[in-house]
Structures are given as C-alpha cells and as structure tokens.
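The values are calculated or read from the model by the stated rules, or taken from the named source; none is laboratory data. What you see is a predicted model, and the numbers here were worked out from it, not measured in a lab. Cβ: placed from backbone, ideal geometry, glycine included. Neighbour counts: every protein chain shown. Note: areas computed on protein heavy atoms with side chains; ligands, DNA, RNA excluded. Shrake-Rupley method; radii C 1.70, N 1.55, O 1.52, S 1.80 Å.
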Amino acid sequence: MDRNTVIAIVLSAIVIIAATTIQAVFFTPEIDQNAIDVQQTVETVENTAISSSTEASEAYGVLFKETGTEPALDKFHIENEVVDITFNPEGAVVDSVRLKEHKTDGQPSEFIFRDEDSVGAFMLYAGNDRTNPIDASFNYSVKELSVENGNITQVTFYRDFIDLETGKTFTISKIFAIPQNDEYMIQLVIDIKTSDGSAIPLSFNGYSYNLSFGPQVGPEFENLSSNYDYRRVGILRNDKGSKTNVKYDKNGVYTYIPEEADEYLDWMSLGGKYFVAIAIPETDGIIGAYSATNVTKDEGVSQENYIYLTREATSSSSVKDVYSYYLGPQSSSDLVKYDRAQDNIFGLSEHRLKKASDTSWLGWLETILKWCLTMIYKVIPNYGVAIIIMTIVIKLILHPLTKRSMESTAKMGALQPKINEIKEKFPDDPQAQNVAMAKLYKEENIKPMSSCWPMLIQFPILIAFYGLLNNNIDLRGAMFIPGWITDLSIPETIYTLPFNIPFLGNKIHLLPILYTISMIFSMKITQQGTSAAAGQAGMMNFMTYGMPIIFFFILYNAPSGLLVYWSAMNVISIGTQIYVNKKKGSQFKLEEAKKEADRIASKKKKRR
C-alpha cells in the first residue's frame, strides 16, 4: 500500500474509535384483600413485633416519625414459576428478583443489580425527595389468595407514623401481589390512611410521595462503555404513539411535570438489551411528576439508574394507589399478555408494553427472521449452527439480486488483460484511461455501479438480522462450540492479558480476527478487475484493508452470535464469488475466442 493509503487507514480507525468512545462515555383492579375478589384464604403468616421504639428517623424526622413497636428485620422469599423475589422489611422493599428461566453461569439471573448498601426497589420517599428514603422497619403478613384468574401471594407491609406538624397518627401500607403462575408482572398498592378517619395534608414540597425503582437492571456488568450493552429509561405517554428515551441533564437527572390532561404517563421503563422493568400507574391522574437519575461510580455498580413516580399532593384521610410493575425479559410473548385482560391474572389490558422493547423500524422484519431462526433451532438445537444455516438461507434468497453483481465482477476480472493494455497505452493520461475503459465497459455491457443496487436492497435484511442477533434473549447462555464459544450473546475470550491494550482491553477475542481476515479476502476477491479507473488505487486499497480494520475495532466487543453471522456471510460470499469468477471467466474466454475466430474468418472471407 502507498503512504497515503496507510495514513487514510490509520486516521479512519482513530476517528471511528474516538467517536465510539465519546458516545459511550458522555452520551387496574386493586389487589389488597378488600379490593380483590377473594375466594379462599389458604395460608397466613404474621410477622411478630419484638421491641418498642418511638425514635424519629434522621431521614424524614423533620416531617414525620415512626411509632409503635419495632418489627423484626428478617428477609424472606416469595416465588412463582418464573421469579424468586426477596423482600426486606426494612423499608418494605425488594432486594432481589431472580429470573428462573434465564440463567447466568448456570444460575437464575439476578434482575436487580445492586450493591449491598444500595436502596432496595420500591422504596418510598416523602414528597419529591430522592435522597432520604422512608426506610423504617415494617410489620408484614403473607397470604395466599385465590382470585378469578388464578392464585396470588399477597405480601402486606404496614407501619404507623406520626405527622410532626399535626400530631396525627397515620399508617403506610405497601401491599404486593405476586401471581402464582408464569407471569413477570406484580402489583403494588400504596395505602396511606389516618387512624381516626380525619384528613391530613399529604403534601411535602407540593407532592405526597416518591416511589422509586432501582438501582439497576441486571444482568451484572463491569461497565456500560460498550455499544453492545446499555441501560436506557423510556417513557410512553398517552399523547405519544411510541416510546421516547429520556435525555439526562448535565447532573444526570431527568424530570418531567405534565402540564396538560392528555400528557398522563402510561408507563416508564428501565431496561437493557435483554431485561426491562416497566412501572405502570394504574390509578389514573395521580402522577404529578416522573423522573430518572443516572449516576456513575468508581466502585460497586459502576452505573446506577433509578426511575421515580411522584404522586401529586392531596389532603385526605385515605389514599390508595395501584401500580403494576413488569420485571422480566424483553420477550414479545410475555409483554403482549397485558394487552388483553383475559391473558393475565390481573385483568390488565391495552398497556402496549411491547413498545418497551428496543427494536428498530425494521422490527417486523426482525420478528420474521426470529421465527425462522427458532424453527431451524427446533430441528438442530444449536443456535450457532442455526445462525450459519440461516445465513445460507438468506444468501440463497438474495442470490438473484447478487448474481448480476458477481457476474459483472467476474467479467471485469476476465477483462483484466485489456484493462492493462489501456493502462500501458495511456500511462500518464488518467482522463484518456477513463474514457477508454468506459468505452470497453460499454462494448462488453458491463455496468460497474450496478453492484451497488443489490447491496442497497440487501441492507434492510442485514440491519434486521444485526438487530436480531444483538438483542435476541434466546442467545443468552447459548453454546455454539464447547470450550470456545460458550455464550453467543457475549464476546468469546481465548485469553486474558495481565494488561490492557488501548481501545481493546485485556481480553483476546478470536472471532473478530477471523472476521477481519474473511472480510479482507471477500473485499479482495470482489474487487478483482475493478482497478480499471485511474487514480482510484488508493481508495480501493482503503476499501480492501482500511474498512476491515475499522470494523475490527467497531466489532471487537460484539456478541459472538453477530460475528458468527458476519464471518459466515463473508465465507459464503468468497466461495460464491470464486465459483462465479471461474465459471464466468471460462465462459468469457470462450466468447472472446469465438469472437476472435469470427473476426479472422470475416477477414479471410473479405480477401476472397
């Protein structure tokens, strides 16, 4: 390669890597016993009080303080067919949600990624505060209930507090309902009422309370600097047709206060590639604001993302608000259950949760491709093999579009001797070279730019397949080759260095290297004979070597499944182009020999 080509490759790689780094770094029915149609109480487990305390909490003591007996602090588990939930009476929160059907290292995946000292999920705060949790110890009871559509486990937390301004006693109850089937949806009732039935102003800074979810959605990660893993907060409002991802301010905070009646919140989500938490206020018109925070840390969970639903202020003797929370995979079959009341135990409908999935505008095409991939997997239960077979199928489907391009490439390769003659005839006249080559292409009915159109037509399929393999939850933990590619959803690693390589880290991945080699060979064989235009040698060298190197850095930390697809696509393209080159090259030589024989025969005939 010439000096300018080398400089172009290096500069392009630096620009791509820098841009990627900058982007990554900077940028219903109620469910309590009175509200639900209870057919039978199966079991009741009551938590017992063990000591007495009237000490005010430092966190919210300026507003109110807990009173009465101090409950026990033992954590406990409630589970159904798909989740195992750990409840913590300190703050009446959830410390852990383990997804039984989605494994990490052979164990159920942890849905809530948190440090030991992090605030648990479903913590309450007074008013719109986000820093001082109401983390008093709550009493609790556990009941198993039969309802119209099945069975639920109901966990009721309760604790008395004294309003320091009015001196009135009120009770905060948090009532959780967990289906005893295969649903990922739970419901939560926030019930606040006074002991004597008189009204108290539930207004702190203009709001009643803040209900949070966080600190992070799993699975566990070291950092989110890669483009192939992320955490995003999304919102679906009544006046919007699609989910909108929030944009944080410079302090990592997002806050929205609805101003119009038609701006009420349908739901707010916190999700990554595979799992999503969706908070749904079921009681209409109570959300006075909703917000999210994005905090990076040097230790522990490197990035925490909380979402908050803030209830508007009220003055009442009783407040009872219902929320639904979906805590599970971004799986269409699980999300669409809450569009029809008969499909879920809570009778929820028209929640449009499928919009929480991070799919592109080609989501419909991703769905088709996923169905095809699943069908292949049912026959051959190895997703790596299924991806390769699917790649072959796609190449066969696209072959009519690519055939003409490949034949044009083969024909230009066969014309290389004539192209060289033109270069030798006009060594110092690029314009004359281009004119002569254009004439040659016209005579041989070759259209060099025709190869671009098949690529444009293929592009939607390639993009959809990229999205499918990058986000398909079925690939989590899916093994392709034992001892090497053991999880198609993450990069494979053949060796870990004791030091970091700039832009790459300390893990050596073999698939990106194989992909880059295959791409270079694919580009070289595709460009055989296309060096005809004078002055374009540097650009062609850049396309042959520079682009693969750039993509090597971009795809270095890509999921293994995605690289298996791209590598297989390159290998198939190389094999197909070699076959077409050989076939069309021989055919072209025969045609040229026949033309030459016809010319000789014609000359002899004229002489006679």
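Put simply, of Asn149, Asn223 the only residue that is open to solvent by 10 Å² or more (accessible area, probe 1.4 Å), closer than 30 Å to Ile554 by Cα and modelled with pLDDT under 90 is Asn223.
Here is a yes/no grid of residues against (1) under 24 Å from Leu309 (Cα atoms); (2) among the hydrophobic types (A, V, I, L, M, F, W, C); (3) under 33 Å from the mean Cα position of the chain (by Cα):
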residue	(1), (2), (3)
Glu101	no, no, yes
Phe122	yes, yes, yes
Asp129	yes, no, yes
Asn132	yes, no, yes
Glu144	no, no, no
Asn149	no, no, yes
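Within the set Ile178, Ile162, the sole residue that is of a type in the set (A, V, I, L, M, F, W, C) and either under 20 Å from Gly197 (Cα atoms) or not in a strand (DSSP E or B) (or both) turns out to be Ile162. Restricting attention to the range 433-490, which residues are within 24 Å of Leu398 (Cα to Cα), modelled with pLDDT under 80, surrounded by 14 or more Cβ atoms within 10 Å (Cβ to Cβ) and among the hydroxyl-bearing types (Ser, Thr, Tyr)? Hit for the range 433-490 is Ser451, nothing else.
So which residues in the range 171-182 are within 27 Å of Phe204 (Cβ to Cβ) and either in contact with a helix residue (DSSP H, G or I) (Cβ under 8 Å, 6 or more places away or on another chain) or buried (at least 22 other Cβ atoms within 10 Å of the Cβ) (or both), if there are any at all? Of everything in the range 171-182, those that are within 27 Å of Phe204 (Cβ to Cβ) and either in contact with a helix residue (DSSP H, G or I) (Cβ under 8 Å, 6 or more places away or on another chain) or buried (at least 22 other Cβ atoms within 10 Å of the Cβ) (or both) turn out to be Ile172, Lys174, Ile175, Phe176. Given the criterion under 18 Å from Thr310 (Cβ atoms) and under 21 Å from the mean Cα position of the chain (by Cα), identify the matching residue among Ser242, Ser269. Among Ser242, Ser269, only Ser269 is under 18 Å from Thr310 (Cβ atoms) and under 21 Å from the mean Cα position of the chain (by Cα). Please go through the range 352-375 and give me each residue that is surrounded by fewer than 19 Cβ atoms within 10 Å (Cβ to Cβ), among the aliphatic types (A, V, I, L, M) and farther than 20 Å from Ile463 by Cα, ordered by number. Selection gives Met375 alone. Among all positions in the range 102-114, there is at least one residue which is in contact with a helix residue (DSSP H, G or I) (Cβ under 8 Å, 6 or more places away or on another chain) and open to solvent by 20 Å² or more (accessible area, probe 1.4 Å).
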